[in-house]
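Colleague: If you scroll down you'll find the structure; I have some questions about it.
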Amino acid sequence: MALYNTGVDAARAVLVGVDTGREDFADSMAELSLLADSAGSIPTASVIARKGKTDPALFIGSGKVNELKRVMEEHDAELAIFNHPLSPTQQRNLERHLGRHVMDRTGLILDIFSQRAQSHIGKTQVELAQVRYRMSRLVRAWSHLERQRGGIGVRGGPGETQMELDRRMLATKAKRLESELEKLQRQQRTQRRSRHRQAVFSVSLVGYTNAGKSTLFNSLTKAGTYAADQLFATLDTTSRRVHLDGIGSIVVSDTVGFIRELPHQLVEAFRATLDETIHADLILHVIDACSPVMKEQIAEVEAVLAEIGADEIPRIEIMNKIDLMPQTFTKGPVLVRDGQGIPKQIFLSAQSGLGLDLLRSALAECSEMTDKMRTEQNRAKQQMASDEFLAPLPERPETAEFNPIPSIIYSPNDA
């Protein structure tokens, strides 16, 4: 018999959402349930509030908060997860009223990121995002220590002092993490310049979380990285070389997945991870072809790509998981080209391997086009340099028109 139980029981959670009339509300709540499950919680119930305007103090209003408290007591839940960002004041008021812990969507995603990050740069990015998030939560965090009266012409007290100390401590930590992250980014830029000098064709996998990026990455590279049917299974960027017949080696990178309403501070914190996408020669946008909200997921990914400045990079849409819908994709793997004959879409299955040969041929074709473009650009640069070197010198102006030293006429008297 074990003397100690080192396991941690999963927290029972109640999901809370505000329905403002958006069409994707049900899908958003289903996604919140998957996020809670990925974080290790057990969703037991949900409370839905239908209103067009949120309450500034309790977000869902006092009546719904009382209902939420009753539901949490019935299901013995110790955590309330809101499908929306909460202000520090709203979170504090809700926790006081419920007597239980409250978490918003941003905090839930940060919790998942902190569990999944493995590399040094990934952990640093998550820690920086958490510090910035905690700094925003310091509003009135120590109000119970404040003195409303007293002192000589001063209001405030130990609460303000403690809050300033915490803010200064978090600001110092954030500055240290930013410096460390910048150092890691410089190392990445050095590695990227080395690949650029060697003219290595680079491919970046992007897509909505759980679209099958890591599975496709493993099928292409045989890397054996972690892949699971859960949200944010992969956080750290992993790069591997792939050999293509007749072309040679290319570099394929797997990146973090995107999600709807991805908090802006997470995009900023994971800028180092997304740099591989910004500097890629080609983007493979992996799409879950079986998802009922496929169009919305594509729009979310496109929005993040535009935000990080990667919307102009050539890309191929990878319509993944066609093996799960054989009645729809009866033709099997298909390669679709645009009006210029360039690969545009590939219907395949990363899990079963259907269509991987089409993907490899498309990558080889795009690599050849990129090599030709690089050769033409280098030739143009060399031609421009030679033209400047051999350009004739500007004609020397006539003496009558150009006289740098004005002539001086001396008269006999001056002599």
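The values are calculated or read from the model by the stated rules, or taken from the named source; none is laboratory data. As the structure is a prediction and not an experimental result, all values here were calculated from the model. Glycine gets a Cβ as well: all are built from the backbone with ideal geometry, and neighbour counts include every protein chain shown. Areas reflect the complete protein model, heavy atoms only, side chains present, ligands, DNA and RNA absent. Shrake-Rupley method; radii C 1.70, N 1.55, O 1.52, S 1.80 Å.
Colleague: Name the residues in region 314-365 that are surrounded by 18 or more Cβ atoms within 10 Å (Cβ to Cβ) and small (Gly, Ala, Ser), would you?
Modeller: Residues satisfying the conditions are 349, 350, 355, 362.
Colleague: Within region 99-109, which residues are buried (at least 20 other Cβ atoms within 10 Å of the Cβ) and over 16 Å from residue 31 (Cβ atoms)?
Modeller: The one that is buried (at least 20 other Cβ atoms within 10 Å of the Cβ) and over 16 Å from residue 31 (Cβ atoms): 102.
Colleague: Further, regarding this structure: Taking the conditions exactly as written (of a type outside the set (A, V, I, L, M, F, W, C), modelled with pLDDT of 85 or more, touching a strand residue (DSSP E or B) at 6+ places or on another chain (Cβ under 6 Å) and open to solvent by 50 Å² or more (accessible area, probe 1.4 Å)), does residue 12 satisfy them or not? Working first, answer last.
Modeller: Details: of a type outside the set (A, V, I, L, M, F, W, C): yes; modelled with pLDDT of 85 or more: yes; touching a strand residue (DSSP E or B) at 6+ places or on another chain (Cβ under 6 Å): yes; open to solvent by 50 Å² or more (accessible area, probe 1.4 Å): yes.
Yes: the conditions hold for residue 12.
Colleague: Something else about it: Suppose we keep only residues that are in a helix (DSSP H, G or I) and either open to solvent by 60 Å² or more (accessible area, probe 1.4 Å) or among the charged types (D, E, K, R) (or both) within region 49-69. Which one would you say is modelled with the lowest pLDDT?
Modeller: Checked region 49-69; the qualifying residue modelled with the lowest pLDDT is 62.
Colleague: Now, a different point. Any chance region 136-143 includes a residue that's at pLDDT 80 or above and under 30 Å from the mean Cα position of the chain (by Cα)?
Modeller: Going through region 136-143, the residues at pLDDT 80 or above turn out to be none.
So far as region 136-143 goes, no, none of its residues is at pLDDT 80 or above and under 30 Å from the mean Cα position of the chain (by Cα).
Colleague: For the list (1) open to solvent by less than 10 Å² (accessible area, probe 1.4 Å); (2) touching a residue at least 60 places away in the same chain (Cβ under 8 Å); (3) within 30 Å of the chain's Cα centre (by Cα), I need the number of the one condition that residue 86 fails.
Modeller: So residue 86 meets the others, but not (2).
Colleague: Something else now. Find all pairs meeting these conditions: Cβ atoms under 7 angstrom apart; at least six residues apart or on different chains; first residue within region 15-32 and farther than 19 Å from residue 71 by Cβ; second residue open to solvent by 10 Å² or more (accessible area, probe 1.4 Å) and part of a helix (DSSP H, G or I).
Modeller: Matching pairs, first to second residue: 24/296.
Colleague: I would also like to ask the following. For region 181-202, how many residues are over 21 Å from residue 360 (Cα atoms), of a type outside the set (Asp, Glu) and at pLDDT 75 or above?
Modeller: 5
Colleague: Quick one: is residue 93 in contact with a strand residue (DSSP E or B) (Cβ under 8 Å, 6 or more places away or on another chain) and farther than 24 Å from residue 173 by Cα?
Modeller: So residue 93 does not fit the description; no.
Colleague: For residue 279, work out the one condition from (1) at pLDDT below 65; (2) open to solvent by 20 Å² or more (accessible area, probe 1.4 Å) it doesn't fulfil.
Modeller: That leaves (1) as the condition not met.
Colleague: For region 341-363, how many residues are in a loop (DSSP other than H, G, I, E, B) and over 26 Å from the mean Cα position of the chain (by Cα)? Spell out how you get there, then give the answer.
Modeller: Filtering region 341-363 down to residues in a loop (DSSP other than H, G, I, E, B) leaves 341-342, 348-355.
Now drop any that are not over 26 Å from the mean Cα position of the chain (by Cα), which leaves 341-342, 352-355.
Matching residues across region 341-363 total 6.
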